[in-house]
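The values are calculated or read from the model by the stated rules, or taken from the named source; none is laboratory data. Given the structure is predicted, the values throughout are model-derived calculations rather than measurements. In this analysis, Cβ positions are derived from the backbone assuming ideal geometry, glycine residues included, and neighbour counts consider all displayed protein chains. Please note that ligands, DNA and RNA were not included when accessible areas were found on the heavy atoms of the full protein model with its side chains. Shrake-Rupley method; radii C 1.70, N 1.55, O 1.52, S 1.80 Å.
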Amino acid sequence: MVSAATEALCERLAEALLARGWMMATAESCTGGMIAAACTDLGGSSLWFERGFVTYSNEAKQELLGVDPELITRHGAVSEVVARAMAFGAVRHSRARVAVAVTGIAGPTGGNPQKPVGTVWFGFQVDGHLSSETRLFDGDRAAIRAAAVQHALERVLGLLP
C-alpha cells in the first residue's frame, strides 16, 4: 500500500508530466517495481506512465536496459555509472522522455564498509539531461525501499523543467 505522501507526490508528478505531454519510465533494482506500482496506483496513469523495468539481476540490467557488463564488473551494480546507464537505457528502450533508475543495497545483508546497507544510487534522465545522486537511508529493508521510492519521485518532480 502506498503512503499518503507518496500518493500525493504521484498526483503532482502526473500533473507535471501531463502538462508537458511527457511520459515516464522506471528502471528499478532494489525497489523491485515499487516506484512503478506507486505511479500506476493512480487512476489515469497510462496517460503519463509509459513502462517500468524491474532489473534486479545484472543480466536483466544488461538485456533490458543495455547496461554494459564491463560497467558492472568495474564499478559494481550499486554505483553511479550503473544508475546513470539504467536511466539512459530506460529512455532508450521506451517512448518516455523522463526516467528514474534505482540501484542499491536494501539489506539486511549485502553491505560492506564502502557501500553499507541503505546505500542507494539514483539515475535520472529528464528531457535529454542525465544526472545521478546517492543517498544513505536508515532502517530495515522495508524502510530503505520506501524511502528510496519517496526520494525518487521527489527528485523526478524537482528535475522537471
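A few comments on the model shown:
- Relative to the dominant Cα principal axis of the chain, helix 4-20 is inclined by about 60°.
- Taking other residues whose beta carbon is less than 13 angstrom from the beta carbon of ARG95, and scoring Lys, Arg as +1 and Asp, Glu as -1, yields +2.
- The angle between the Cα long axis of helix 141-159 and the main principal axis of the chain comes to about 50°, on a 0 to 90 degree scale.
- Close amide H pairs (under 5 Å, H built 1.01 Å from N) link PHE53 with THR26, ALA27, GLU28, residues at least 5 positions away or on another chain.
- With θ taken as phi - 60° and the Karplus curve 6.51 cos²θ - 1.76 cosθ + 1.60 applied, the whole-hertz 3J(HN,Hα) list for the range 56-61 is 6, 8, 4, 4, 5, 4 Hz, x standing for glycine and proline.
- Rounded percent of accessible protein surface that carbon and sulfur make up, the range 77-161, 1.4 Å probe: 53 percent
- Convex hull volume per residue, computed on the Cα atoms of the range 1-63, equals 77 Å³.
- Extent along the principal axes, Cα only, for the range 96-138: 35, 16, 14 Å, with the longest axis given first.
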